[in-house]
Every structure is written in structure tokens, then in C-alpha cells.
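Some notes on the structure that comes next.
The values are calculated or read from the model by the stated rules, or taken from the named source; none is laboratory data. Small disclaimer: the values here were computed from a predicted structure and weren't measured. All Cβ positions, even for glycine, are placed from backbone atoms using ideal geometry, and neighbour counts span all protein chains on display. The area values use the complete protein model at the heavy-atom level, side chains included, leaving out ligands, DNA and RNA. Shrake-Rupley method; radii C 1.70, N 1.55, O 1.52, S 1.80 Å.
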Amino acid sequence: MSSIRILSDRVANQIAAGEVIERPVAVVKELVENSIDAGASRIEVEFRNGGKSYIRIEDNGKGMSPDEALLSLERHATSKICEASDLNEVSSFGFRGEALPSIASVSRFTMRTRAEGWEHGTEIKINGGKLIEKKDCGMPVGTVIEVAQLFNSVPARRKFLKTDPTETAHITYNTRLFAVAHPKVAFRVLEGGRTVFQSPACENLCDRVAEIWGRSLADDLIPVDVSDPQTGYRLSGLTAKPGVGRSTRRELVTLVNRRPVDSRTLGFAVLDAYHGRIQKGRYPPAFLFLEIQPQEVDVNVHPAKREVRFRNEGAIRRFVLAAISDTLAAATRVERPNSVPRTLEKLENVAVIRPAAPAANPPSAQFPNSAPPAPVQPVAPAATKPADSVRAVKVEVRPEAPAKTAPAWRLITLLKKQYGLFDTPHGIVMLHLRHADQRVRFERILQSYRESSPPSQGLLIPHPVQLEPLASEALRNHLDWINAQGFRIEEFGRHFYRIEAVPAWLEPEQAEAFVRDMVDLLRQRGGSRQRGELAWEAVAKLAVEGSYRRSDLMSEAAIEQLAEALLRCETPHTSPAGKPTYSEISWSEWERRFGKD
Ligand code: ADP
Ligand code: MG
């Protein structure tokens, strides 16, 4: 007796079902994709018990003739590809022709469908893969599919399902993504008769996001539309304004060719673009549509997963990073006040927190007039660093609006000695004085190093420092480099040094403490002897950290100037340590809170 047998279609379908459909949300996904492929402009999804006991998907798409309806339930029946080579070029969602038979093999399945030009529809009932009934029925053009008692006949699989609320959460989240992917399709999602969300056909993505996630999220986003003529890549959609971050990545939605996907490459590229622009550990909300040639993406890594791979991950990463960085840089420019030349002079001297009564420290001690640190030029700002590193990619940015002349923020008052409350064109802003000051000083220090030789100031009395042997060795190893950067430190005995000059940005009385910290930092970084900007970034961070903070009360004028200087920074939204520098409540948010009259 032969032990090798050919599986019946029914068993094969049940096995395939395990691959294609892991859980109820996969059923919803397959059926909604079919509805979209069928050109539906209205889709309704209803489910009960996390989809385990009941799922219904109804659409007004093109429907199926009686023959097509039967055929669609055959394994590998699909109207979407003919040959294996087509697999590379599929742009519709389904293409395996396995979803319907697989679902029907592990549930009580009912399909009602009617195509244009047919007087009646067709109703087909299948139970665990067995055809029970096929008959005519009256219905409008379109398709209704009901899936009941999912996996009842496959206890092994049912065991792996999560609780109802968990499965429900998956379904609601994923249907929202489909709704975002297709703003022009009207969606309604019901859980056991209760509407979870619904949205009419929307003109654009922004309206759809507002419908589903709320106006306040939509208000926090700016449009992206960047294409690269060379590769044909295009990234469009909405992305968080600089400074807007959320605690989870649930609202960081990426789609490839209108299909919601998970991709580490895309996720990292987006997070990279926001580096320094949002608080550390937070995620930018964004709805980003990547359009690329279908053969550039492998959507079929796993049929039930949303994970995709790109043929050229590196190129995609660079493109997305550059596209978003450039969009954010453009948005930051728009936010900046335009009245530069008039205030430039003033800013050179006062961009840092300064005591209200400048008795102890005349400004010239910090920024000698002979060599003022050059402020960042707001008119033609240097592109942000992430964008710089991917300059190879040429992108066309269409920023949302031409730069308007935005009047600077107007200070209302100082609060709690640490916040400035401002009235701005967009709303009310609380400025965190210390974080803002750190950001301004940080960029100023970095800027001075970009200009090769930073201004130096000699100490009236050289300051001696004794170091322990290992620290001494670290300092000696880096001495040439340090001395080329505005310091003058001489070794004058075993483990003894003399600080004779420090960079203009460092206050003389902090020279020793700073040098000690810097030596610690150099030791932590080990023998790698990192030079250039990277190392200076760390040094500059050190310089603006707590021990070098100025705690004096600020004058109102100084606070206003701090705000102006902050808005001129390359990345004004966070402190060098990644803390927010300011927080805004927009006028539209106030309107929402009080309600319109
Ligand atoms: P695939 O989508 O991979 O082709 P499916 O098993 O999901 O395979 O569907 C099989 C076929 O049934 C589709 O190719 C399509 O022709 C037809 N079909 C499925 N759902 C619908 C629908 N909602 N409206 C019209 N036709 C549909
Ligand atoms: Mg399909």
C-alpha cells in the first residue's frame, strides 16, 4: 500500500489557509483588498467577537457573474495574473488566487455577488470547504461575503487566536489603514452593530486623516511630495511637523504602492529624518505613500504579513531620508521670521541666556566683537545633516506654501522663572528657557568649529590642572587637536597642564571643569581619536549641559532674543539632549476646546 497520496483540494486549502490566514484580521485584509481591486467606492466591514464568530465585508464593486463566482472559489483561480512572470509586476493587491478558497475551507462561508448586466445575483454557501448551496438571489451590483465560525473546524489554529479585544484591535487598526490608503472610498466599520468608525469618500488624505484620527492630528502634519526623476521613486502624503512626536509608532504609517506595509527600512529612514527634530524616544506621526515600480518591491515575503523587502533597500532608505529631511528643513524655514538683516546685529551678541543685569560678565568677554560667531543664515540655511549625508540623491521638494513673512513671537510673560509664554501667529507657545538656550549655544559652538579656527580668548592668569595618569595620557594624546580648536593647553610637568586660552564660547571660570569633563569624554570614546564634527558634537553637548548652565533671571528682551535665535537654529525643536525646547497650543486647538460659536 502506497503511503504517498495526493491531498484533496479541501485539505490543501485548509493547509494553505494556515499560511494565508493566521487570524481574523487577515480575512478582513484579504476581503477588503478584493473589494478595492473590484473598484468599490463604498466598503462596509462588520465583525463580532474579534472576528472569530462573524465577519462581513460588503462592497459596491464590479461583482461577479455566476460562473465567475464559482470559479473564484477554486484554488488558484484569479482574474489578476496569468503567468508566473506576471508575479513581478502585480500592482493589484491579491494575486495568488488562494484567499477565497482558503477562507471558505476553514469557516461557514457565504458569498453573494452580482455583476453589472445580470438580472440577479448569485449566492454560494460553503461549509468547511464543502459546497452546500448555490442559488440566485436579488441584490444590487457588488459583493457581500460573510465568514462565520472561523477556524471552528481547525481547533489547532483556533487555539492560537488572542482574546476578542486583541483581535478587535487588530481589525480596527488595519481597517483604518485601508481607509487612509484609499481616501476616496467610503468606509464603515462596525463591531457587533456598533460603529467603530466611518468616513465618507474624502477629497484628500488630510480630510481622511482628520475623519479617522481627529483634526488635531491632521493639524500637526505637513504635506510631503518628493519625486526622484532618476529612479522614478515618489514619496507623498503627510508627515509630522518638526517637534511633533507621539509616544507610540502606531501613527507612523507607511504604504508602498498604496498598500500598508511594515518595513524596517522605511521606519528607520523616517526616524532618522526626525533625529534632533523631535524628542528622543518619540515617534513622528506620518502617513507616507511610497510609489515605486512593482518589480522593485517584494510584497510576498509572507502572505499574511505586512513586511516588505525592497530590491534596493539602500536607495530607498536614502531617498526617503532625503525627501523627509528636505521637507522638514523647508518647513522650518517657513516658520522662521523673515526680518533677518535688521536683527542680525543684535542677535550676534545676545543669543545666549544672559543675566538681566550684565554686571559680572560683559558680553564682550564671551563673544568678542572682533570675531562674532556667525549666526545661521536663515535665508539660505545649510541643509540638515541627515540630508547632507545623502546628497547624492537629487530630489525635488514642493513645500506646502511659499515662505510667508511670519512675525516673530511676542513675549507675554516669564513664568516660574523657567518658561517664556509667547503669543505667535500659530498659537500660544511655552518656551523652555534652558533647553532653548542649550540648543542655541550648541549650534553656535558647532558653527564656530565649522569655520575652521574658532575665536579664542586668553586667560588673564593661566589655570593649572593636575590630572591622574590615565586622564593625563588621554589629554596628551589629543592635545594637538584640542589646541587647534581654540584652546591653548600646555604640558608643564608630569601630569601637570596649564590652560592658557579657551574658545570664545567657553566662560573662563569654567575652563578647568570643562577640560576635565572633556578629558573624561575623550577617554570614554577610547583610542578611536575621533576628530571633526562628530567629536565636537559630543564636546558641544557637554558644554551646554547642566554644569555650564546660567541660572540667572533673564530680562524680557533677552528672552525674546533667545526665541529669535532659537527659530534660526537648524533644529530648533529639541535641546541637544533631545528634550523639547518649546510646546505650542495652536489657535485651532483653542477653538476646539472652547467650541465654535
Ligand atoms: P486574488 O485576489 O488573489 O485573485 P482571491 O481568492 O482573493 O484571489 O479572489 C479570487 C478572484 O475572485 C479574484 O481574482 C476576483 O476576480 C474575484 N473576486 C474576489 N472578491 C471579489 C469582489 N469583492 N468583487 C469582485 N470580484 C471579486
Ligand atoms: Mg484577493
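So is residue 214 open to solvent by less than 70 Å² (accessible area, probe 1.4 Å), in contact with a strand residue (DSSP E or B) (Cβ under 7 Å, 6 or more places away or on another chain) and on the phi > 0 side of the Ramachandran plot or not? So residue 214 fails the test.
Tell me, which helices (runs of 4 or more DSSP H) wholly within segment 195-277 include 2 or more residues that are within 30 Å of residue 34 (Cβ to Cβ) and among the acidic types (Asp, Glu)? Before you say what the answer is, go through the steps one by one.
Working: elements: 205-213, 215-219, 264-273.
So the answer is 205-213.
Condition first: outside any loop (DSSP other than H, G, I, E, B) and more than 16 Å from ligand 2 (Cβ to nearest atom). Now tell me which residues in segment 27-57 satisfy that. Even if it seems obvious, please write down each step before you answer.
Here is the first cut: in segment 27-57, the residues outside any loop (DSSP other than H, G, I, E, B) are 27-37, 42-51, 54-57.
The answer is 42, 44, 46, 47, 48, 49, 50, 51, 54, 56.
Aliphatic (A, V, I, L, M) and closer than 21 Å to residue 171 by Cα: which single residue out of 261, 226 fits that description? Spell out how you get there, then give the answer.
On the way: 226 fails: closer than 21 Å to residue 171 by Cα.
That would be 261, the only listed residue that is aliphatic (A, V, I, L, M) and closer than 21 Å to residue 171 by Cα.
I need the full set of residues from segment 58-75 which are within 7 Å of ligand 1 (Cβ to nearest atom) and not in a helix (DSSP H, G or I), in order please. Across segment 58-75, the qualifying residues are 59, 61, 62, 63, 64, 72.
Report yes if some residue within segment 136-157 is part of a strand (DSSP E or B), open to solvent by 70 Å² or more (accessible area, probe 1.4 Å) and more than 23 Å from residue 237 (Cβ to Cβ); otherwise report no. Please lay out each step first, then the result.
Step one: filter segment 136-157 for residues part of a strand (DSSP E or B), giving 136-137, 142-148.
Checking which are open to solvent by 70 Å² or more (accessible area, probe 1.4 Å) leaves us with 136.
Narrowing the set further to residues that are more than 23 Å from residue 237 (Cβ to Cβ) leaves 136.
Within segment 136-157, one or more residues are part of a strand (DSSP E or B), open to solvent by 70 Å² or more (accessible area, probe 1.4 Å) and more than 23 Å from residue 237 (Cβ to Cβ).
Of the candidates 473, 537, the single residue that is more than 23 Å from residue 439 (Cβ to Cβ) and either at pLDDT 85 or above or open to solvent by less than 70 Å² (accessible area, probe 1.4 Å) (or both) is 473. For segment 36-51, the tally of residues that are within 23 Å of residue 163 (Cβ to Cβ) and surrounded by 22 or more Cβ atoms within 10 Å (Cβ to Cβ) stands at 4. Residues that are within 16 Å of ligand 2 (Cβ to nearest atom) and within 23 Å of residue 140 (Cα to Cα) were ranked within segment 105-115; the one that is surrounded by the fewest Cβ atoms within 10 Å (Cβ to Cβ) is 111. Restricting attention to segment 291-316 and to residues that are assigned to a strand (DSSP E or B) and modelled with pLDDT of 90 or more, the residue that is surrounded by the most Cβ atoms within 10 Å (Cβ to Cβ) turns out to be 310.
If I ask for residues that are open to solvent by less than 40 Å² (accessible area, probe 1.4 Å) and among the small types (Gly, Ala, Ser), which ones from segment 556-597 would you list? Listed by number, the residues that qualify are 558, 563, 565, 575, 578, 586, 595.
In this structure, does residue 133 turn out to be more than 12 Å from ligand 1 (Cβ to nearest atom), more than 36 Å from the chain's Cα centre (by Cα), modelled with pLDDT of 95 or more and not in a loop (DSSP other than H, G, I, E, B)? Quick ask: steps written out before the conclusion?
On the way: more than 12 Å from ligand 1 (Cβ to nearest atom): yes; more than 36 Å from the chain's Cα centre (by Cα): yes; modelled with pLDDT of 95 or more: no; not in a loop (DSSP other than H, G, I, E, B): yes.
The answer is no for residue 133.
Within segment 59-69, being within 16 Å of ligand 2 (Cβ to nearest atom) and either open to solvent by 30 Å² or more (accessible area, probe 1.4 Å) or of a type in the set (Asp, Glu) (or both) holds for 59, 62, 64, 68.
The single residue among 244, 226, 256 that is surrounded by 20 or more Cβ atoms within 10 Å (Cβ to Cβ), among the β-branched types (Val, Ile, Thr) and under 12 Å from the mean Cα position of the chain (by Cα) turns out to be 244.
Kindly indicate the residue of segment 476-495 that is among the basic types (Lys, Arg) and more than 15 Å from residue 523 (Cα to Cα) and also surrounded by the fewest Cβ atoms within 10 Å (Cβ to Cβ) among those meeting that condition. Filtering segment 476-495 for residues that are among the basic types (Lys, Arg) and more than 15 Å from residue 523 (Cα to Cα), the one surrounded by the fewest Cβ atoms within 10 Å (Cβ to Cβ) comes out as 494.
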